[in-house]
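First the structure, in the form of structure tokens, and then the observations on it.
Rule-based calculations on the coordinates, nothing more; no lab input. Only a predicted model underlies this, so the values are computations on that prediction, with no experimental measurement involved. Cβ atoms come from the backbone with ideal geometry, glycine included; neighbour counts cover every protein chain shown.
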Amino acid sequence: MIIRSRGENELAECVAILAEVHRRDGYPMAWPDDPGGFLAKPDFLGAWVAVVGGRLAGHVVLAPPRTADVAAALLGRDAVMVSRLFVASAARGRGVGAALLEHAVREAHERGLNPVLDVLATNSAPIAFYERMGWRLLGTGQAQWGQNRVTVRAYAGPGPVPPEASAPGGSPSSAAASGGSPSETPPPGGSPSGAVSPGGSASGVSSPVVDS
């Protein structure tokens, strides 16, 4: 397996994989009018793909926090959202999602940032996946994902977090976020047989679809 930066000529293939994930897992919750733009926003800090057997197998980005991102609000400064994380159905069960997630964490730390993500509170499988990968619960909150008002669990990735950026008292807390489009980390929006996303986010930002 190879994890590398997404090539400019690979966006169409990534969109095709995302469409398959959307049909199978419901991520993103609502299909974007511009799926290419959904995966390649100008302000993304980076986008990476997994390649297995010479074929694209998964995708992840780091995105700046937006108004609707509960995890970033709870963590404080230096947060970056892990988003657009999904795995092709044919590549599931090979650790692709875990490899992409670990790569995103390393990329965030190299930039001096703390990776965070939001996952639907009802998506038990993605939640178990993140916790198994060492992600720490920051708290819960309400977020506006497109037309949907959802409850999310907010997580911070493994690694040191500056004390001043932690939630008061260092214990999980709750928050509400609205407006803007979430950085859903795949869906997150259906069962994560191939997506590491919380329950299917509307804009597909903070809850990805991944496998272990």
> Taking H as built 1.01 Å from N, whose amide H comes closer than 5 Å to the amide H of Phe86, not counting residues under 5 places away?
Replying inline: His59, Val209
> For the range 61-95 and the range 107-134, what is the separation of their Cα centres, given in Å?
Replying inline: 7
> Which ³J(HN,Hα) values in Hz, rounded to whole numbers, follow from the phi angles of the range 102-107 under the Karplus curve 6.51 cos²θ - 1.76 cosθ + 1.60, where θ = phi - 60° and Gly and Pro get x?
Replying inline: 4, 5, 4, 4, 4, 4
> Can you work out ³J(HN,Hα) from phi for every residue in the range 19-26, in order, using Karplus 6.51 cos²θ - 1.76 cosθ + 1.60 and θ = phi - 60°, giving whole Hz and x for Gly and Pro?
Replying inline: 4, 5, 5, 4, 5, 7, 10, x
> Stretched out fully, how many nm does the piece from Trp31 to Val51 gain, at 0.36 nm a residue minus the Cα gap?
Replying inline: 4.8 nm
>> 5 Å is the cut-off here: which amide hydrogens, built 1.01 Å from N in the peptide plane, fall below it relative to Val80, excluding neighbours closer than 5 in sequence?
In response: Asn114, Val116
> What is the dipole size for the range 6-74, taken about its Cα centre, with +1 at each Lys and Arg Cβ and -1 at each Asp and Glu Cβ, in debye to the nearest 20?
Replying inline: 160
>> With the crude spin-label approximation of a point 7 Å out along Cα→Cβ, what separation in nm comes out for Arg106 versus Ala19?
In response: 3.3
